[in-house]
Amino acid sequence: MSGYSSNIFESLKPFEVDIKHLMEDIKEHYSYPIEEAVVVENMDNCIDENYTEIHFNIEGNNLEIIMLGDAFDKEVFWKKLPVIAATTKAVDKGIQALGRYGWGMKVCMFVSEYVIIETKNENFHAAQRWVLHKGIPKWGKIPIGKAIATKYTKIKMKLNREYSKKITPEFVEKTLQKYYPTVLNGAPVKNKFGKKRKIKVYVNSNQAKPPDMPRWEKKEKLKIKVNGEEATGYVFLAKRKLPEEYRGIAVIVHGRVILREFFGIYGSMNDRITGYIHADMLVNYLAGDKTKIKWCGKWRKLRMEISKQLSAFMKKIGAVRSEKLPKKTMKWLHEEINKLIKHIPELQELAVKSSRTLEKKVLIQKNEGKEPAALIEGAQKVPGTEIGPGRGGKVPAWTGNKKIRSPRLDEHGKDRATTVKRKVKVGIEIRPRPVPERSEEAWYAPEGVVIVNTSFPSYKKADMLGFRDYHILRCSIDALLRYALANGIIKVEDYDKYYNYVFAKWGEL
């Protein structure tokens, strides 16, 4: 700022805010119904602070939410609460809370004729009213009601005609079951200061029931460590087909289900696979309406480990299915996709983010070997020339891996081998998989895998016409580009030009 007088800024005025359009943007921000957001945002506030009970009471067109055990202090209640986008969730060691955007409670105005917020904290007891008038939020002080003995915050809404029909006791309980299954089951949750406690949840004086657990055949524990922080949970194989909203592994952060997915693992029993993993380590990386997680090292490592453990479970139950293409074809596809990436800086950045080092078992034929030498799927035979008498035999080595030599087979070590581990750098991997329940040609899973959907009609058409390999590569490149666009690696305004450039470059290589 050199060259400017320090007092030049004293004459400047702050930008004015178009409150009406800001409120409209807040409403459009949610990817799920606004009536669900009313329940979820208040539940998140209850978790973030130090409340121990929350009561949802519905009578006629009145919805009352009472949180017990904590309260607003005077300054926050009068100076921050009635300000759009002002947050109270930043703490000394950084933000450690679900709600940190400052508009959580404001969603109540979209469904109500008016909202009354009352709080009692030690000797401080006050109330204020909110009204959304012609799209503009307004507020004012009002007289206090009769106090409850403990610390509390009460939100009372007079629901408008549209939402009084939607927000019923049954709706509230179903929403709680969808987003907070483990909280309703008694799992302790952290507040913004890292303190754990159980929260009791009530709907019209009845304790909210957790969602019905499906009867299951198989159950496996998920346990993952990322940078010293632990994430734990379970994966289940249900006895029967599950509703779509309960399929996949739920990633739960501070008690809230953020998303559900299969992490690139698809098999014949995906409609019976459910589970969850508690991953509080991701709380600072929640994005938007908290149904997305920002790309970061922790999330990448966690995804990889979930994928690995889920894959092992799916193999154990015999559910993993794949499109078996010739080994030479798969080798060519991987060489082509990774050759292209080397020439494209933005996709190279994506490959670096997703690339990982894996330990793979490699069989080396030796006299003292303890395991039978067998050629596994994806392996190739290479001549063995390890130091020793004779020319050597042949050993399996993974395609793309550094070839490992071995001594000649003789009567002492016939068809025997020893197992060693070798670290291998993995780039982008293509996995053809039949995923009939997903209507997409291909997509990129951030653990470094492109899934090409062999159940999609265009794949079957390409295969019939003899263009299968071209189709797989084109879909894989397209999936990488779409992922790069969605995650800000490619700018929206540059996408069309960039798209054409990448495919032109692929044609040249």
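The values are calculated or read from the model by the stated rules, or taken from the named source; none is laboratory data. Just so it is clear, the structure is predicted and the values come from calculations on it, not from any experiment. Backbone-built Cβ (ideal geometry, glycine too); neighbour counts: all protein chains shown.
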Give me the strands (runs of 3 or more DSSP E) completely within segment 148-251, filtered to those with at least 2 residues that are touching a Leu at 6+ places or on another chain (Cβ under 8 Å) and either of a type in the set (S, T, Y) or more than 30 Å from R300 (Cβ to Cβ) (or both), ordered by residue number. 152-159, 200-203, 229-238
Taking the residues in segment 149-192 that are closer than 18 Å to I116 by Cα, touching a strand residue (DSSP E or B) at 6+ places or on another chain (Cβ under 7 Å) and not charged (D, E, K, R) as candidates, determine which candidate is surrounded by the fewest Cβ atoms within 10 Å (Cβ to Cβ). N160
In this structure, does M330 turn out to be more than 20 Å from the chain's Cα centre (by Cα) and either buried (at least 18 other Cβ atoms within 10 Å of the Cβ) or acidic (D, E) (or both)? yes
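Quick test for you: out of I66, I58, pick the one residue that is buried (at least 20 other Cβ atoms within 10 Å of the Cβ) and part of a strand (DSSP E or B).
Selected residue: I58, the only one of I66, I58 that is buried (at least 20 other Cβ atoms within 10 Å of the Cβ) and part of a strand (DSSP E or B).
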State which residue is surrounded by the most Cβ atoms within 10 Å (Cβ to Cβ) when the search covers only segment 225-246 and only residues that are modelled with pLDDT of 95 or more and among the hydrophobic types (A, V, I, L, M, F, W, C). V235
Tell me, which residue of segment 438-482 that is aromatic (F, W, Y) and out of contact with any strand residue (DSSP E or B) (no Cβ under 7 Å at 6 or more places or on another chain) is nearest to L333 (Cα to Cα)? Y470
Odd one out for A442, checked against (1) at pLDDT below 85; (2) in contact with a Cys (Cβ under 6 Å, 6 or more places away or on another chain): (1)
Considering every residue within segment 204-222, establish whether at least one is among the basic types (K, R), under 21 Å from the mean Cα position of the chain (by Cα), farther than 30 Å from I58 by Cβ and surrounded by fewer than 18 Cβ atoms within 10 Å (Cβ to Cβ). yes
Between a residue in segment 463-485 that is of a type in the set (F, W, Y) and any residue that is surrounded by 18 or more Cβ atoms within 10 Å (Cβ to Cβ), which pairs come within a Cβ distance under 7 Å, given they are 6 or more apart or on different chains? Y483/Y444
Can you tell me how many residues in segment 140-151 are modelled with pLDDT of 90 or more and out of contact with any Asp or Glu (no Cβ under 8 Å at 6 or more places or on another chain)? 5
Is there a residue being of a type in the set (G, A, S), in a helix (DSSP H, G or I) and within 22 Å of the chain's Cα centre (by Cα) anywhere in segment 456-475? no
Total residues in segment 247-276, condition within 25 Å of I47 (Cα to Cα) and either surrounded by fewer than 19 Cβ atoms within 10 Å (Cβ to Cβ) or modelled with pLDDT under 90 (or both): 3
Condition first: without any contact (Cβ under 8 Å) to a residue 24 or more places away in the chain and touching a Pro at 6+ places or on another chain (Cβ under 6 Å). Now tell me which residues in segment 167-217 satisfy that. K196
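Considering only residues that are among the small types (G, A, S) and at pLDDT below 75, which ones fall in segment 11-35?
The answer is S11, and nothing else.
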Which members of segment 306-326 meet the condition of being in a helix (DSSP H, G or I), closer than 23 Å to L480 by Cβ and modelled with pLDDT under 90? S307, K308, S311
Being in contact with a Phe, Trp or Tyr (Cβ under 7 Å, 6 or more places away or on another chain) and either of a type in the set (A, V, I, L, M, F, W, C) or assigned by TED's automatic domain parsing to the domain that holds V449 (or both) is true for just one of I258, I265, I277, I293. Which residue is that? I293
Can you tell me which of (1) without any contact (Cβ under 8 Å) to a residue 24 or more places away in the chain; (2) not assigned by TED's automatic domain parsing to the domain that holds V40 is the one T232 doesn't meet? (1)
